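The values are calculated or read from the model by the stated rules, or taken from the named source; none is laboratory data. Everything quoted here is computed from the prediction, not taken from an experiment. Here the Cβ is made from the backbone with ideal geometry for all residues, glycine too, and neighbour counts use every protein chain on show.
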Amino acid sequence: MWTALATSVRSLFFPPLCRACGEVLPVQGEEQILCAACTHAVRLVSPPVCARCGAPLNGGQIQEGDIEGCGWCRGRPLAFEAARSAATYEGPLRDLILEFKFKSSYRVRPYLVGVFLAGAERHFGTRRFDAIVPVPLHPLRRFQREFNQAEFLGEILARSWSIPIHAHALRRVGWRPPQSRLSGKWRAANLKKVFRAGTRGVEGHRVLLVDDVMTTGLTLSSCAEILLEAGAASVSAYTLARRLPRERSRTGSDRDKSVE
């Protein structure tokens with residue numbers, strides 16, 4: 001009784017608010033963090049998607065794809081076998097990911113984990129992997145954030161699938177500016193000689209590489225290249241979200257200057 005009373009009093013003076021738009025939420029439990037409008041605005045990625053980069057094909061932005069890729073990724077030197085994402089990096093979901101990533105928010109984690117696990121089931125179904133490898137952070141950046149968001153997501157998925165996570169299969173060396181501060185060709189230059197094979201071997205493993213957000217795919221591709229050089233049988237990639245790409249112009253340049 002006292003617990004219910006305390007909850008009612010707290011809701012009266014401190015009503016729960018939507019984490020994206022700030023609208024007052026109906027009292028329906030601690031798990032609700034988005035209002036109805038923001039929940040509806042979260043765009044989940046479902047088939048059909050590009051077989052190579054995982055870009056959604058039903059939005060009219062990307063031409064139909066085949067094993068060589070879609071209108072966005074065809075011809076790009078991507079080292080991973082295939083990439084998939086649970087949702088698009090925009091609107092309310094983007095706000096939640098930023099809160100999760102840079103503020104270590106525990107409040108938004110259950111919702112994001114639900115989106116992440118449901119997306120994995122949608123995209124991979126019965127496909128099996130031998131290990132999950134998270135994209136590593138530089139030790140100093142990990143110290144600043146107090147956790148690696150990719151490793152957190154990877155651990156959740158590894159437990160769900162009952163497979164190991166090899167958090168030390170990759171290591172990040174050298175301090176580089178965050179990809180989110182760069183654009184265009186500088187992203188590729190920023191990633192040169194950043195990743196190295198770690199202390200945990202992946203020889204012969206079918207690896208699923210995990211990160212929070214995919215933009216250009218350069219980070220995932222760089223990591224996949226290192227894992228393949230270390231003997232991995234195959235490397236696919238999975239992220240919580242991805243920016244919607246635009247098709248490249250006829251000259252091959254990127255119209256989309258969003259950052260990773």
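Being surrounded by fewer than 17 Cβ atoms within 10 Å (Cβ to Cβ), under 17 Å from the mean Cα position of the chain (by Cα) and at pLDDT 95 or above, is that true of even one residue in the range 128-147?
Checked the range 128-147: no residue is surrounded by fewer than 17 Cβ atoms within 10 Å (Cβ to Cβ), under 17 Å from the mean Cα position of the chain (by Cα) and at pLDDT 95 or above.
Being modelled with pLDDT under 55, over 21 Å from Leu228 (Cβ atoms) and among the hydrophobic types (A, V, I, L, M, F, W, C) is the filter here; which residues of the range 161-203 pass it?
The answer is Leu182, Trp186, Ala189.
Could you tell me which residue of the range 25-46 is surrounded by the most Cβ atoms within 10 Å (Cβ to Cβ), considering only residues that are at pLDDT below 90 and farther than 14 Å from Leu96 by Cβ?
Checking each candidate, the answer is Leu25.
Would you check which residues across the range 88-117 are of a type in the set (A, V, I, L, M, F, W, C) and in contact (Cβ under 8 Å) with a residue 40 or more places away in the chain and list them?
If the condition is that a residue be of a type in the set (A, V, I, L, M, F, W, C) and in contact (Cβ under 8 Å) with a residue 40 or more places away in the chain, then Leu93, Leu96, Ile97, Phe100, Phe102, Val108, Leu112, Val113, Val115, Phe116, Leu117 are the ones that fit.
So for the range 111-128 (the condition being closer than 17 Å to Ala232 by Cβ and β-branched (Val, Ile, Thr)), does at least one residue qualify?
No, because not a single residue in the range 111-128 is closer than 17 Å to Ala232 by Cβ and β-branched (Val, Ile, Thr).
What residue, of Thr215, Thr239, Thr219, is modelled with pLDDT of 95 or more and within 12 Å of the chain's Cα centre (by Cα)?
Thr239
List the residue pairs whose Cβ atoms are under 7 Å apart, where the first residue sits in the range 150-165 and is touching a residue at least 12 places away in the same chain (Cβ under 8 Å) and of a type in the set (Val, Ile, Thr), the second is part of a helix (DSSP H, G or I) and crowded, with 20+ Cβ neighbours inside 10 Å, and the two are 6 or more positions apart or on different chains.
Ile156/Phe116; Ile165/Gly154; Ile165/Ala158
Among the numbered criteria (1) buried (at least 18 other Cβ atoms within 10 Å of the Cβ); (2) at pLDDT 95 or above, which one does Arg206 miss?
The one condition Arg206 does not meet is (1).
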